[in-house]
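Q: Quick one: structure below, then a few questions.
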Amino acid sequence: MASHASPRAVRSSFLLWLACAVGSIALLATPIEMRRAVSGALEWSVFLPARLVLGWGGRSLLTRLENQQLSEELTYDRLRVSRLEETARENEALRRMVGMTARAELRLVPARVVGRSADWSGEVLWAEHGGGVVPGRAAVAPDGLVGRTVRVAEGRVWIETLWHRRLAVSVVDARSREQGILRWNPADPEELTIDPVPVQGDYRVGDPILTSGLGEIFPEGILVGHVVGADLNPRTQLKRIRVRPAVSRGDTRELFLVRERPPASDGSTLTPIARGASPTPPPIPGGPRIAP
Amino acid sequence: MVLFLVRLLLTTWAILAFRLVLGPKIAIAGVQPDLGAAFVFLLTLARGPTYGIIGGLVLGLLVDVDHPDALGLSSLAWCTLAYVTARASNAVDLGDRILAAGMLTVVVLLAESIRALALSGFQPATFLSIWVRWSLPTAVYTGIAVPILIACLRGVLGTRRWLDAGS
């Protein structure tokens, strides 16, 4: 049966809702630093039992240190092999020609994903690490770019992945050197897009997409994904390039966090530092240029 | 009252754990049932608007911990959900399970629409695409999955008015 509340009860519940709604909106309007502080306080207090269950304490970290070190060595080897294969012949010569200094080695911190939150506002990974991590740095896996660190607490780090609506990555096509901004759109959650791109933008199916090094977060040359297609907006004559990420969504377990700010770059030198990255496109019969 | 508070805390923990552990595993094309909204709905039916609205506010803050840029948005959506549920329960007989499941779908859709509206930056085209791709499927999935789930967990929340109706 439907219950009938008195007018006074209805009014009081309306006032309570109004107060809560105004409080929520006021919280939304506060600076992001304050919201992060509130979020961090809630995480530390309310989620304490969850942290203990998931083993975010220092003891559990020590027990996993050996695995992390092995994974770190493996990834370093893969990165080194990739670099040797792809850069020894062409990029070093190009660098000498343009007078560029060799890029500094990245210092990586191993991390292990212990939690994942994913809904349509974006994917966030919770990872434990060995220390020396700061917010606003790249997170990479052997396959390619994973995302960026956004918040660091003792032994823990929050990572917004490529599938997060707040993340935008300055990228470059490894073959044509076309530059653009890669984003995830929750309205089209299966793919990442470079949007908008002028209609004459030179992208081909299979082109590796790398970080350009522009900006202060992502070092240059990290494989982000490969071009899989494009859509043309007939009204604006602008293209939207669809990119399949190199890492699989939801599959990342071990990853590495870049420790230092990437060196300044003009985007003119590129050294892919992930498995399968190549500065030249893979052989595609006919080399189809995207023309939707 | 003490027993109710214990149940409340346990259920809150279960919902937060569900979002992290089980939610992504049972997601269909990325869409997972919104247990938090369903919990606020049930709490409102069981204990009235005051518990529902405050519960929505608190639970909303907790689930937004890993999205600090949207901190407060789920609170806004869920306390609104609780208020609308309380008003609707005055006019509609939610003792009927099918009607209650339908009402759950509607109020979850309302809450998801509020979130979609805010996160789309009030751009109609973006809002519509998010609403079709995420909000509507989430509401439908919740309206189907939650009644099945609570049929298995009957009595944990003490929501007898709804759960025991028709049985």
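The values are calculated or read from the model by the stated rules, or taken from the named source; none is laboratory data. Bear in mind that the values here come from a model prediction, so they are computed numbers and not experimental data. Methodologically, a virtual Cβ is constructed for each residue, glycine included, from the backbone with ideal geometry; neighbour enumeration extends over all protein chains shown.
Q: Among B:S89, B:S74, B:S129, B:S120, which is the only one that is polar (S, T, N, Q) and within 11 Å of the chain's Cα centre (by Cα)?
A: B:S74
Q: I would also like to ask the following. Can you tell me how many residues in segment A:120-139 are surrounded by fewer than 18 Cβ atoms within 10 Å (Cβ to Cβ) and within 11 Å of the chain's Cα centre (by Cα)?
A: 1
Q: Residues in segment A:143-165: is at least one modelled with pLDDT under 80 and over 18 Å from A:S39 (Cβ atoms)?
A: No: segment A:143-165 contains no residue that is modelled with pLDDT under 80 and over 18 Å from A:S39 (Cβ atoms).
Q: OK, next. Could you list, in sequence order, all residues of segment B:92-117 that are surrounded by fewer than 18 Cβ atoms within 10 Å (Cβ to Cβ), within 11 Å of another protein chain (Cβ to nearest Cβ) and in a helix (DSSP H, G or I)?
A: Hit for segment B:92-117 is B:L99, nothing else.
Q: Can you tell me which of (1) surrounded by fewer than 23 Cβ atoms within 10 Å (Cβ to Cβ); (2) touching a strand residue (DSSP E or B) at 6+ places or on another chain (Cβ under 7 Å) is the one B:D66 doesn't meet?
A: (1)
Q: Taking the stated definitions as given, is A:V114 surrounded by fewer than 24 Cβ atoms within 10 Å (Cβ to Cβ), facing chain B (nearest Cβ under 10 Å) and under 28 Å from B:A118 (Cβ atoms)?
A: no
Q: Within segment A:179-194, can one find any residue that is among the hydrophobic types (A, V, I, L, M, F, W, C) and in contact with a helix residue (DSSP H, G or I) (Cβ under 8 Å, 6 or more places away or on another chain)?
A: Yes, some residue in segment A:179-194 is among the hydrophobic types (A, V, I, L, M, F, W, C) and in contact with a helix residue (DSSP H, G or I) (Cβ under 8 Å, 6 or more places away or on another chain).
Q: Is it the case that segment A:127-141 has a residue that's more than 14 Å from every other protein chain (Cβ to nearest Cβ), assigned to a strand (DSSP E or B), touching a residue at least 12 places away in the same chain (Cβ under 8 Å) and touching a helix residue (DSSP H, G or I) at 6+ places or on another chain (Cβ under 7 Å)?
A: yes
Q: So, one more: Can you tell me which residues in segment B:17-49 are crowded, with 24+ Cβ neighbours inside 10 Å, assigned to a helix (DSSP H, G or I) and either of a type in the set (D, E, K, R) or facing another protein chain (nearest Cβ under 8 Å) (or both)?
A: If the condition is that a residue be crowded, with 24+ Cβ neighbours inside 10 Å, assigned to a helix (DSSP H, G or I) and either of a type in the set (D, E, K, R) or facing another protein chain (nearest Cβ under 8 Å) (or both), then B:P49 is the only one that fits.
Q: Looking at the structure I just gave you, is B:L59 in contact with a Ser or Thr (Cβ under 8 Å, 6 or more places away or on another chain) and farther than 19 Å from A:H164 by Cβ?
A: Criteria met by B:L59.
Q: Quick one: in segment A:32-44, of everything that is more than 7 Å from chain B (Cβ to nearest Cβ) and at pLDDT 80 or above, which residue is surrounded by the fewest Cβ atoms within 10 Å (Cβ to Cβ)?
A: Within segment A:32-44, the match that is surrounded by the fewest Cβ atoms within 10 Å (Cβ to Cβ) is A:E33.
Q: Related question: Of the residues B:S89, B:S129, which is part of a helix (DSSP H, G or I), within 11 Å of another protein chain (Cβ to nearest Cβ) and in contact (Cβ under 8 Å) with a residue 12 or more places away in the chain?
A: None of the other options fit; the residue is B:S89.
Q: Evaluate the following for B:S135: is it within 10 Å of chain A (Cβ to nearest Cβ) and either surrounded by fewer than 19 Cβ atoms within 10 Å (Cβ to Cβ) or within 16 Å of B:A37 (Cβ to Cβ) (or both)?
A: Criteria met by B:S135.
Q: Oh, and also: Can you name every residue in segment A:151-162 that is surrounded by fewer than 21 Cβ atoms within 10 Å (Cβ to Cβ), touching a strand residue (DSSP E or B) at 6+ places or on another chain (Cβ under 9 Å) and hydrophobic (A, V, I, L, M, F, W, C)?
A: A:V152
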